[in-house]
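Reading through the structure tokens given below for one structure.
The values are calculated or read from the model by the stated rules, or taken from the named source; none is laboratory data. This is a predicted model, so every value here is computed, not measured. A quick note on method: Cβ atoms are made from the backbone with ideal geometry, for glycine too, and the neighbour counts reach across all protein chains shown. These area figures cover heavy atoms from the full protein model, side chains too; ligands, DNA and RNA do not enter into them. Shrake-Rupley method; radii C 1.70, N 1.55, O 1.52, S 1.80 Å.
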Amino acid sequence: GFAHGPRASSLLRSRGRRRGERRACAMEAEPTEGKVPQAKGGEAVVTFFTKLPSKYQVQEESLVVPANLARYGLSEIVNQLLGLDKPVPFDFVVDGEFLRSDLFGYLEARKLSSEKVLRLEYVLALSEPEENQVDEVPDWISSIVALGPLPSRWFAVSAFDGSVRLYEDGAPKLTSRLADVSITMLHALPAGSVADESLIAASGKDGGLRAIRARQGASPATGPVTTIRSSSHFDGLQACALNEKADLVAGAGWDQDILVWNAGPSLFAPIGEDQGGTKRKAADGSAESEEPKFVLKGHSQVVTSLMFGSASRCPFTLISGSWDGSVRVWDTAAASCVCNWPVARAATSFSMSPSTPQLATAHEDGHISLWDIRAPPHPTVQGALSLDSSAGLPLHSAQSPHRRLASQVQWSPLDANRLASCGHDGCLCVLDVRSPKMPLQRMRLGKTGPVPTKQLCLAWLGSEEIAVGGSDGKVLRVVLGGGKLPED
């Protein structure tokens, strides 16, 4: 925690003026016999600013502080400048990155002079997250998706028992049997024309792709299950995706090919009036052998992730990640590969930033890598990127928040700076683009010890809420400790 105590009143002292600067004194350790110890590394010059409400803004002026101060001591200075009755823990961003060393270490690492004025933006520090168990099912959890726009009260969960379950506000509402085989991934879209309904695609271990319509609200229900599969592809599917209009659906997995079918209303049968309120229903219909619209070949190992590019940002594209250590971009109009980006390691998952041209990948060795998408503007869609052979994917940053395989990474749809990842080490990590070397938070979930519970999937439900599922069959809802200002 941040150190705020009786000594806070003596932390900030004026030592006169030096070249128009105000000198402040704060220590990481308690003073001895009233004497202030000399700061190791000398002094540093800082200014503080924030985007918080005006009540929490300080005058932006240069302060001379001991260079051995890190975020705890700096937080005490800001609190003293604000004169708050109840101290507020702050974190600090400098030059677009969170400060994760003392000031001396920051200056040394960048070979900056101690005379360099560091502009420190102070933001609310994260507090302890709250973990709540939502449900426990008899098999491993394979996928979680939010239903409807965020923040969402509803979400769907698939498991290796072949079922999909709907939840509202952390309470189970409906269980629907999709198949007699394991469901590996879900993808959901709002039904558009019908309020409180979602279209859900599910990939199966039998090579079949299933589609259902789900209704949220007072009378939750699911419609008949439609199953499609290729007559020439029999290996299990590991990933699926719907495009924005839900007129294309893609599936891929162990045979390395990506199958793309026409979707449309016929794939998502309406919900019968007599199905409302049922607690469990059997899978309807038998599998239909339907040849894909086209097959995309190029990956040399299992395909783990799929995503259609949005019409406003990456039109007419499908993006895939694979254990062959590549992320590929496919032109869905020409049915061809236009980008083959090496990502150095087997990719277990990927996610795109909601607003910036960046991509995050998760890897089998626990790494999470952030990449910048360098591409020319689209010739016909304003504000979109033209992902073609000239586009590049340079590395932005990489860190190892997990000690074992990182199962999934997902960018927050509501915050371009924040991501979450989970892994086989049992941890859920909250990452930030501005903290390139370490996660903002790491939470150990489930069983600890030499064989921890594998955390297999996650989904953002809001800016501060994440649903997580693991190998123990437990569905957890984690509310992040997003810093809060004291109530007036």
Please find, within segment 238-260, the residue that is nearest to Ser312 (Cα to Cα) out of those that are open to solvent by less than 40 Å² (accessible area, probe 1.4 Å) and out of contact with any Phe, Trp or Tyr (no Cβ under 9 Å at 6 or more places or on another chain). Cys240
Within segment 164-181, considering residues that are touching a strand residue (DSSP E or B) at 6+ places or on another chain (Cβ under 7 Å), surrounded by fewer than 22 Cβ atoms within 10 Å (Cβ to Cβ) and small (Gly, Ala, Ser), the one farthest from Pro138 (Cα to Cα): Gly170
Out of everything in segment 418-434 that is part of a loop (DSSP other than H, G, I, E, B) and touching a Ser or Thr at 6+ places or on another chain (Cβ under 9 Å), what residue ends up being nearest to Glu136 (Cα to Cα)? Gly426
Of all residues in segment 400-415, which are open to solvent by 20 Å² or more (accessible area, probe 1.4 Å) and either in contact with a Pro (Cβ under 6 Å, 6 or more places away or on another chain) or more than 27 Å from Leu186 (Cα to Cα) (or both)? Pro413
Restricting attention to segment 332-360, which residues are part of a strand (DSSP E or B), without any contact (Cβ under 8 Å) to a residue 60 or more places away in the chain and either surrounded by fewer than 18 Cβ atoms within 10 Å (Cβ to Cβ) or polar (S, T, N, Q) (or both)? Ser336, Val338, Asn340, Pro342
Subset tally (residues that are at pLDDT 95 or above, aliphatic (A, V, I, L, M) and open to solvent by 20 Å² or more (accessible area, probe 1.4 Å)) for segment 277-305: 1
Quick check, is Trp140 over 30 Å from Leu99 (Cα atoms) and open to solvent by 30 Å² or more (accessible area, probe 1.4 Å)? yes
When restricted to Leu107, Leu84, the only residue over 22 Å from Cys429 (Cα atoms), of a type in the set (A, V, I, L, M) and at pLDDT 90 or above is Leu107
Among the residues of segment 106-135, how many are of a type outside the set (Ser, Thr, Tyr) and under 23 Å from the mean Cα position of the chain (by Cα)? 12
Do we have any residue at all in segment 105-124 that's within 27 Å of Leu480 (Cα to Cα) and of a type in the set (S, T, N, Q)? no
Only one of (1) surrounded by fewer than 20 Cβ atoms within 10 Å (Cβ to Cβ); (2) aliphatic (A, V, I, L, M); (3) in a strand (DSSP E or B) is not met by Val329, so which one is it? (1)
Of the residues His402, His396, only one is within 25 Å of Gly325 (Cα to Cα), part of a loop (DSSP other than H, G, I, E, B) and out of contact with any His (no Cβ under 6 Å at 6 or more places or on another chain); which? His402
Checking the structure you have, find out if any residue of segment 82-101 is in contact (Cβ under 8 Å) with a residue 12 or more places away in the chain, open to solvent by 20 Å² or more (accessible area, probe 1.4 Å) and in a helix (DSSP H, G or I). yes
Given (1) modelled with pLDDT of 90 or more; (2) surrounded by 18 or more Cβ atoms within 10 Å (Cβ to Cβ); (3) more than 24 Å from Ser397 (Cβ to Cβ), number of the condition Leu11 does not satisfy: (1)
